[in-house]
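The values are calculated or read from the model by the stated rules, or taken from the named source; none is laboratory data. Values in this document were obtained by computation on a predicted structure and should not be read as measured data. Note that we place each Cβ from the backbone using ideal geometry, even for glycine, and neighbour counts take in every protein chain shown. Ligands, DNA and RNA are stripped out before the accessible areas are found, and what is left, the full protein with its side chains, is counted by its heavy atoms. Shrake-Rupley method; radii C 1.70, N 1.55, O 1.52, S 1.80 Å.
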Amino acid sequence: MSASSSTRQTLLRRRRGRVNWVAPLLVLLIAIAIAYLVSYLVLEPSRQFLLPPPHQVIAVFFDPATLSDIAVGLSRTALVAALGLAAAIIIGMAWAIAMSQARWVEDSLFPYAVILQCIPILALVPLIGFWFGYDLPARIVVCVMISLFPIVSNTLFGLRSTDPGQRDLFLLEKSSRWGRLWRLELPAAMPAVFAGLRIAAGLTIVGAIVGDFFFSRGTPGLGSLISTYQSRLQSPQLFAAIIAASLFGVLVFFAFGWLGRRVVGHWYDF
Amino acid sequence: MSAPQHLPVGREAGYPDPDPGRSLTERPRHPVLSFERAGLTFPTGTTALKDIDFDVLPGEFVTVVGPSGCGKSTLLRVASGLQTITDGDVRVATEKIGYVFQDATLLPWRSVRRNVELLAEIAGVPAAERAQRAADAIDLVGLTGFEQHYPRALSGGMRMRVSLARSLVRDPQLFLFDEPFGALDEITRERLNDELSSIFSLRRFTGLFITHSVAEAVYLGTRVIVMSGRPGTIRADIRIPESHPRDPDFRFSKEFAEVTSQVAHHLREGHSA
Ligand SMILES: Nc1ncnc2c1ncn2[C@@H]1O[C@H](COP(=O)(O)OP(=O)(O)O)[C@@H](O)[C@H]1O
Ligand SMILES: [Mg+2]
């Protein structure tokens, strides 16, 4: 008992240590300095578009027209990612629960989860467009395919993380299979599920942006915006869109961390 | 190859005598639990139990002491129906069985109160009654005020109390304990022994208590059974007339010292055999 609480102490200390903003900020300043150096001193003026000076990128965020393009693109991307993630959660958790209920289901379905993980999804994207059209449904399918595996594998791992004593307890009280799933296996799985969700949420944003590169119907998302800026050599705008996408990814990562702590933080150091 | 059978507790309940051939003087009360030349060989070839033959009568608190690996846990798993024997017979006269494991096996996402309510919840006891019974059990194990705590905030001894309360809620007739205090320090263990003794005299269940501590076995038992290992067999069966709740000073009595040395002697004998 004392061992586990002292481990928790260490973890807390480490987490508190992570809230140190000074060091990462310093790294950022150095990176910006290097960017200026490269932009003005290394690159010839005609090739400066390869790495625009940082203040030009920042200026984009104060240009209302471009800013609104990026905001619209971001909201579209967020919508696609959210729908894709929701579908992946439903499909992935149902898949994992089915596998946890019977060995033969796991034996027949788990290999496909692994195969799904091994397929280079990008190779499939043109086919997905072919089958589902080049609009919202195809984009969502890409998101689901890319984010499904961490949800399936983490949920299955979590459902199996109960200990034999806890299972004996439910056996002795003659609990139904659903009672055990609801009262034991699903709650026990929650930390792993949220760890999987955090990974899946990041991947689903990748999926939404990649979908834009291949599918042209519907309002353009961030991905479409990025390829437009790239083809027009609008380099500061391109960088601004990339930064917006990255900030969105970071935001989503922290949001899921926060959500996980809200749900399981009272019993698990998430 | 028989699973434990569930037999009525007694003729008072209006059930026919399950064994009319035996005279009443031989068996004054129907045992709550009875092993009849029971044996268990695992598919791996390990014989964990051999020729286990004893009865546990209503109101008894039988302690079983033996070296680790001698089949004590297996004995309890057989009594509870979690494990099926391969030879002989096991009869259990009640379905109301309480089981306290060596680990507290609490659900860490549930508060103390919700952990204590768990078994009643699984059994479908209505919420209001469940809450009342949980409050009583929490009071009985001395955890009032800790209802909203989560297991990770509790000490090892308190977790065992929660585990005890969780089983008490179901009001078991046969209460099985598998080295519940084995991982605790001696001071905590002795306090919990005292409390278990008074809970036993209040609730009047029938107990089968596994331990590897001779002192604990003698202090808690109305009977001490000494087991020896591989395959697990019974070495000795010693009665202790002292009444429950036990006086903590019983530990320093001459009788306690005598029984303790007797048990220790049988254990050593079993070990060299
Ligand atoms: N499921 C099992 N399969 C095979 N062997 C087992 C199993 N459970 C226990 N055993 C063996 O049976 C013996 C008795 O185990 P156990 O009842 O746990 O002993 P104790 O509780 O006295 O320490 C040990 O040798 C153990 O390895
Ligand atoms: Mg054991």
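Looking at the range A:169-270, what helices (runs of 4 or more DSSP H) fall wholly within it and have at least 3 residues that are of a type in the set (F, W, Y) and away from every other protein chain (no Cβ under 14 Å)? Break it down stepwise before answering.
Numbers: elements: A:177-180, A:186-214, A:222-231, A:235-264.
So the answer is A:235-264.
Do we find a residue being of a type in the set (K, R) and within 27 Å of A:P191 (Cα to Cα) anywhere in the range A:102-109? It would help to see each step written out before you state the result.
Within the range A:102-109, the first condition is being of a type in the set (K, R), and the residues that meet it are A:103.
Narrowing the set further to residues that are within 27 Å of A:P191 (Cα to Cα) leaves A:103.
Yes, that holds for at least one residue.
Filter the strands (runs of 3 or more DSSP E) completely within the range B:113-229 down to those with at least 2 residues that are in contact (Cβ under 8 Å) with a residue 24 or more places away in the chain and either in contact with a His (Cβ under 7 Å, 6 or more places away or on another chain) or more than 14 Å from every other protein chain (Cβ to nearest Cβ) (or both).
On the way: elements: B:174-178, B:206-211, B:223-228.
Answer list for the range B:113-229: B:206-211, B:223-228.
For the subset of the range B:76-102 comprising residues that are among the charged types (D, E, K, R) and in contact (Cβ under 8 Å) with a residue 12 or more places away in the chain, which member is farthest from the other protein chains (Cβ to nearest Cβ)? Can you show your working first?
Residues of the range B:76-102 among the charged types (D, E, K, R): B:77, B:87, B:89, B:91, B:95-96.
Narrowing further to those that are in contact (Cβ under 8 Å) with a residue 12 or more places away in the chain: B:87, B:89, B:91, B:95-96.
Details: B:D87: 23, B:D89: 21, B:R91: 18, B:E95: 9, B:K96: 11 Å.
Residue satisfying both the conditions and the ranking: B:D87.
Restricting the range A:217-233 to residues that are over 14 Å from A:V80 (Cα atoms) and in contact (Cβ under 8 Å) with a residue 40 or more places away in the chain, which is most open to solvent (accessible area, probe 1.4 Å)?
A:L233
Restrict the check to the range B:184-202 and report whether at least one residue is in contact with a strand residue (DSSP E or B) (Cβ under 8 Å, 6 or more places away or on another chain), closer than 22 Å to B:V92 by Cα and within 16 Å of ligand 2 (Cβ to nearest atom).
Among the residues of the range B:184-202, not one is in contact with a strand residue (DSSP E or B) (Cβ under 8 Å, 6 or more places away or on another chain), closer than 22 Å to B:V92 by Cα and within 16 Å of ligand 2 (Cβ to nearest atom), which makes the answer no.
Would you check which residues across the range B:210-235 are of a type in the set (A, V, I, L, M) and open to solvent by less than 10 Å² (accessible area, probe 1.4 Å) and list them? Walk me through it before giving the result.
Taking the range B:210-235 first, the residues of a type in the set (A, V, I, L, M) are B:210, B:214-215, B:217-218, B:220, B:224-227, B:234.
B:I210, B:A217, B:V218, B:L220, B:V224, B:I225, B:V226, B:M227 - these are the residues of the range B:210-235 that are of a type in the set (A, V, I, L, M) and open to solvent by less than 10 Å² (accessible area, probe 1.4 Å).
Being assigned to a helix (DSSP H, G or I), of a type in the set (A, V, I, L, M, F, W, C) and open to solvent by 50 Å² or more (accessible area, probe 1.4 Å) narrows it down to one of A:L85, A:L122, A:L156, A:L148, so name that one.
Numbers: A:L85 fails: open to solvent by 50 Å² or more (accessible area, probe 1.4 Å); A:L156 fails: open to solvent by 50 Å² or more (accessible area, probe 1.4 Å); A:L148 fails: open to solvent by 50 Å² or more (accessible area, probe 1.4 Å).
Step by step, each of A:L85, A:L122, A:L156, A:L148 is checked, and only A:L122 is assigned to a helix (DSSP H, G or I), of a type in the set (A, V, I, L, M, F, W, C) and open to solvent by 50 Å² or more (accessible area, probe 1.4 Å).
Matching residues to (1) in contact with a strand residue (DSSP E or B) (Cβ under 6 Å, 6 or more places away or on another chain); (2) at pLDDT 95 or above; (3) within 14 Å of ligand 2 (Cβ to nearest atom):
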{"residue": "B:K50", "(1), (2), (3)": "yes, no, no"}
{"residue": "B:G66", "(1), (2), (3)": "yes, no, yes"}
{"residue": "B:A93", "(1), (2), (3)": "no, no, no"}
{"residue": "B:K96", "(1), (2), (3)": "no, no, no"}
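Quick test of your reading of the structure: B:V62 fulfils all but one of (1) in a strand (DSSP E or B); (2) within 14 Å of chain A (Cβ to nearest Cβ). Name the failing condition by number.
Failing condition for B:V62: (2).
What pairs come up if the first residue lies in the range A:21-48 and is open to solvent by 100 Å² or more (accessible area, probe 1.4 Å), the second is of a type outside the set (A, V, I, L, M, F, W, C), and their beta carbons are under 7 Å apart, counting only those six or more places apart or on different chains?
Note: pairs meeting the criteria are A:Y40/A:P53.
Go through (1) within 16 Å of ligand 2 (Cβ to nearest atom); (2) open to solvent by less than 30 Å² (accessible area, probe 1.4 Å) for B:G207 and report which single condition fails.
The one condition B:G207 does not meet is (1).
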